[in-house]
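Coordinate-derived values only; no laboratory data. Being a predicted model, the structure only gives us computed values, none of them experimental. Note: ideal-geometry Cβ built from the backbone for every residue, glycine included; neighbour counts use all protein chains shown.
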Amino acid sequence: MPAYELPEKMTACVLTRPGEFEIQHDIPVPQPGPDEVLCKIRAVAICGSDPEIIRGDLAGSWPPSYPFIAGHEWSGEVAALGPGVVEFKVGDRVAGEAHKGCGYCVNCKQGRYTLCLNYGKPDTGHRHYGFTTFGAYCQYQVYSVKSVNHMPDNVSFEEGSLCDTASVSLHGIDVSGITSGGTSVVIGPGPIGLCTMRLAKALGSVRVIMVGRGSRLESAKRLGADEIVNFMDVEPIAAVRELTGGLGVDQVFECSGAPGTLTQAIRMVKKGGSISLIGVAKDGEMESVPYKYITHNEIAIFGSRANPNTSGRVLEMMSSGTLNVRDFITHRFALTSFAQALETFVQRKENAVKVVILPNQN
């Protein structure tokens, strides 16, 4: 069993107020409580929601207060055990989840812990790591055993940091289903969209059409999309219909959250098809939809939130080679270079797709 010389202090990226952060080197290393593990963070990927949190767009909720440590797409090693932990040992390689439900509300009992009815109430045991509870932009962090997953030995820490992204995609596919031998559309060629594209193909969609624009759309073609539709050049609904002989596709996976894409999805999908809304729209975003068209064509529309009960499956798919995420990682930075990493991600410098921070590497 590995032994860790745990320091008393650690380095962390600390949000000090909306839009401001500091790299601080004197943060006390937290101690695990009952049914918790202390993890040494080996890799943490920047998520599309992180810039919003860092800017303070959702201050008061995400984060609830300052100072705060964000970050939720991580992998690492168990460094210490809290009382009552039996499923993990020191040295175990693990990948994390952001959500930990209260465990006793109706939704949690049904396994829908990302829809916990006690969301945001820490006294109930609810945690949303990196959003309402301290996260992984640091060298060590404490997590509930319910929010960490054993990681196969042949899955690297960098790959493991994409477990959260990929498992969000897998849940989005789970809720709508997928047609084996069918055709899917993915709207939005960001990291979630790219993972959805790969998973859709792995799970039986023989043809995936990616809708988007810019360098990321070109990346999608290189990374496996069968067809691409640039909405800057063509009307996307007509283009998808043309590619499917006028019938439409079996499923649409909306991964951008952009205005107008729900209506596009409704018009792209075939009669009796389904739509999964994986991308997160901005607060207050409203969209008029063709109500009668949806009814008469029996189009099913599903919301999808985060990744309940999908992380373990994604890690096994990574391990078996069914899901490759290695080529999504375009940039790596030390934690002390967080500002440069964030700028690279936000500005999509050098065609950045997934940017990974290595907190315990100089």
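Here are some notes:
- Extreme residue, surrounded by the fewest Cβ atoms within 10 Å (Cβ to Cβ), among residues of region 158-172 that are hydrophobic (A, V, I, L, M, F, W, C) and out of contact with any strand residue (DSSP E or B) (no Cβ under 7 Å at 6 or more places or on another chain): L170
- So G303, is it under 23 Å from C163 (Cβ atoms) and surrounded by fewer than 21 Cβ atoms within 10 Å (Cβ to Cβ): yes
- Test result for A225, under 25 Å from S274 (Cβ atoms) and either free of Cβ contacts under 8 Å to residues at least 12 places away in the same chain or part of a helix (DSSP H, G or I) (or both): no
- Of the criteria (1) β-branched (V, I, T); (2) closer than 26 Å to S304 by Cα; (3) out of contact with any Pro (no Cβ under 7 Å at 6 or more places or on another chain), which one T132 fails: (3)
- Test: residue in region 200-216 that is among the polar types (S, T, N, Q), surrounded by 20 or more Cβ atoms within 10 Å (Cβ to Cβ) and under 20 Å from A265 (Cα atoms): yes
- Region 297-348 - residue that is in a loop (DSSP other than H, G, I, E, B) and of a type in the set (S, T, Y) and, of those, farthest from S49 (Cα to Cα): T322
- Top-ranked residue in region 337-362 [being of a type in the set (V, I, T) and in contact with a strand residue (DSSP E or B) (Cβ under 8 Å, 6 or more places away or on another chain); ranked as surrounded by the most Cβ atoms within 10 Å (Cβ to Cβ)]: I357
- Considered as a group, the residues in region 123-139 that are touching a Ser or Thr at 6+ places or on another chain (Cβ under 7 Å) and either without any contact (Cβ under 8 Å) to a residue 60 or more places away in the chain or of a type in the set (F, W, Y) (or both) include one that is surrounded by the most Cβ atoms within 10 Å (Cβ to Cβ), and that residue is R127.
- Sole residue being over 24 Å from the mean Cα position of the chain (by Cα) and either part of a strand (DSSP E or B) or among the basic types (K, R) (or both), chosen from R216, R267: R267
- Checking V142 against (1) part of a strand (DSSP E or B); (2) aliphatic (A, V, I, L, M); (3) crowded, with 21+ Cβ neighbours inside 10 Å, the condition it does not meet: (3)
- Members of region 146-204 found to be within 16 Å of the chain's Cα centre (by Cα) and polar (S, T, N, Q), listed by number: S147, N149, S161, T165, S167, S169, T196
- Enumeration of residues in region 229-256 that are in contact (Cβ under 8 Å) with a residue 12 or more places away in the chain and either of a type in the set (D, E, K, R) or touching an Asp or Glu at 6+ places or on another chain (Cβ under 8 Å) (or both): R241, L243, D250, E254
- Filtered by the rule that a residue be under 15 Å from K146 (Cα atoms), among the charged types (D, E, K, R) and in a loop (DSSP other than H, G, I, E, B), region 93-121 gives E97, R112.
- Odd one out for V78, checked against (1) surrounded by 17 or more Cβ atoms within 10 Å (Cβ to Cβ); (2) touching an Asp or Glu at 6+ places or on another chain (Cβ under 8 Å); (3) assigned to a loop (DSSP other than H, G, I, E, B); (4) not charged (D, E, K, R): (3)
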